[in-house]
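Peer 1: Before we start, here is the structure in question, set down as structure tokens.
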Amino acid sequence: MRAGNAKRFLLYGATGYSGSLTARLAKKKGMNPILGGRNPEKVARLAAGLGFECRAVPLTDAARLDDALRDVDVAVHMAGPFAQTCAPMLEACLRTDTHYIDITGEYPVMEYCAQKGGLGAEKGLMIMPGAGFDVAPSDCLAAYVGAKIPAAVHLTLGFSGMANVSRGTAKTAMGFVGLAAAARRGGRIVRHREHFRHQLDFGAGPVDVVAVNWGDISTAYHSTGIPDIDVFFESTPQLEKLSSVGPAMGWFLRRRLAQRLIHLFINRLPEGPDEAARARGSAMIMAEAVDGKRNCFAARLKTPEPYALTAETALEIVRRILGGDFKPGFQTPSMAYGPDFILEFAGIEREDVPCIQGGHALS
């Protein structure tokens, strides 16, 4: 820890949907973050209401960003889209000897963080992307089933209950529109030639699922070493529409002008699930590991509403880092804190279930 530091952290992106939830939860928990962001008026207004210090600084100003980080131990990065914002924040953390965590669900960002892991380890810093719903609960579940099948060659992960998303999540999803979903094959990230479909049972019988671009394509591999990984979401009308976009239209929709228009439309939508929706919401995650002899093990995890859980897991990881409980270098939640880390949070239920593929189930 820095000499004379009161063990504080910078919560950057505090005025966004997840950032503001996390800032308010930090207040309830008696934590004392410095709120950061790009808009001085918004950051100051939120900080004044919560009684926190604030620092408004653009990510494009490296010198000011370094100054904002010099007297804190941890940067909690919640300002997306992370494909654009991760690099300047992480580089600043490495320059200023500051631990870095974020809540991205973008697998290319996680791979970028993994590439920086060696430098983080040299400096004694932890680099952990995916400290929120994606990927804390699913990463812990992947590590749990992976440990049951030590020679696993394939991992399947599935998500249900992800219909209500924030503006930021919607914008990130639109950045992948028209692209076939990513997967791991032989340890390498590849893309399915077409939209890959499957069926999974989240507890009420088999349902249709669609392969998606999700952070576990990166983190589950680093956590388990399993070479082949697929990630699916339960099919919804919105997901079906996105999946039906062809390559040519997708290319057009990913152009800068089209993305600006899409973002303008998304900005007119609700910021994210309201308090009532968060209180009653939940999600289910399914995981199965299979080895070359068709030995398998599967489990399900029920979680609270994803955005509410994101604030909880991110702040708990901050608390641990500030208390000296961290591992230097690139880490996933399960790598740093074990597969049972997620069981410490209220509303989490894990159960072993029959295998999806009908292999030789191991207990």
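Peer 1: For the condition touching a strand residue (DSSP E or B) at 6+ places or on another chain (Cβ under 9 Å) and farther than 23 Å from ALA79 by Cα, what is the one hit in ILE285, ILE321?
Peer 2: Result: ILE285 is the single residue among ILE285, ILE321 that is touching a strand residue (DSSP E or B) at 6+ places or on another chain (Cβ under 9 Å) and farther than 23 Å from ALA79 by Cα.
Peer 1: Please work out if MET284 is of a type outside the set (Phe, Trp, Tyr) and in contact with a helix residue (DSSP H, G or I) (Cβ under 8 Å, 6 or more places away or on another chain).
Peer 2: On the way: of a type outside the set (Phe, Trp, Tyr): yes; in contact with a helix residue (DSSP H, G or I) (Cβ under 8 Å, 6 or more places away or on another chain): no.
Answer is no for this residue.
Peer 1: Considering only region 27-55, state which residues are surrounded by 24 or more Cβ atoms within 10 Å (Cβ to Cβ), closer than 18 Å to THR310 by Cα and touching a residue at least 40 places away in the same chain (Cβ under 8 Å).
Peer 2: The answer is PRO33, and nothing else.
Peer 1: Further question: Are any residues in region 293-313 assigned by TED's automatic domain parsing to the domain that holds VAL74 and more than 20 Å from ASP274 (Cβ to Cβ), and if so, which ones?
Peer 2: The one that is assigned by TED's automatic domain parsing to the domain that holds VAL74 and more than 20 Å from ASP274 (Cβ to Cβ): THR313.
Peer 1: When you scan region 71-80, do you find a residue that is buried (at least 24 other Cβ atoms within 10 Å of the Cβ), modelled with pLDDT of 95 or more and part of a helix (DSSP H, G or I), even just one?
Peer 2: Looking through region 71-80, none of the residues is buried (at least 24 other Cβ atoms within 10 Å of the Cβ), modelled with pLDDT of 95 or more and part of a helix (DSSP H, G or I).
Peer 1: Scan ASP352, ASP274, ASP340 and give me the residue that is out of contact with any Ser or Thr (no Cβ under 6 Å at 6 or more places or on another chain), surrounded by fewer than 18 Cβ atoms within 10 Å (Cβ to Cβ) and free of Cβ contacts under 8 Å to residues at least 24 places away in the same chain.
Peer 2: Selected residue: ASP274, the only one of ASP352, ASP274, ASP340 that is out of contact with any Ser or Thr (no Cβ under 6 Å at 6 or more places or on another chain), surrounded by fewer than 18 Cβ atoms within 10 Å (Cβ to Cβ) and free of Cβ contacts under 8 Å to residues at least 24 places away in the same chain.
Peer 1: Where residues in region 120-142 are under 21 Å from MET286 (Cβ atoms) and either among the charged types (D, E, K, R) or surrounded by fewer than 24 Cβ atoms within 10 Å (Cβ to Cβ) (or both), which of them is farthest from the chain's Cα centre (by Cα)?
Peer 2: In this case the residue turns out to be ASP139.
The values are calculated or read from the model by the stated rules, or taken from the named source; none is laboratory data. All values reported here derive from a predicted model rather than from experimental measurement. Because the Cβ atoms are built from the backbone with ideal geometry, glycine has one as well, and the counts that use them run over all protein chains shown.
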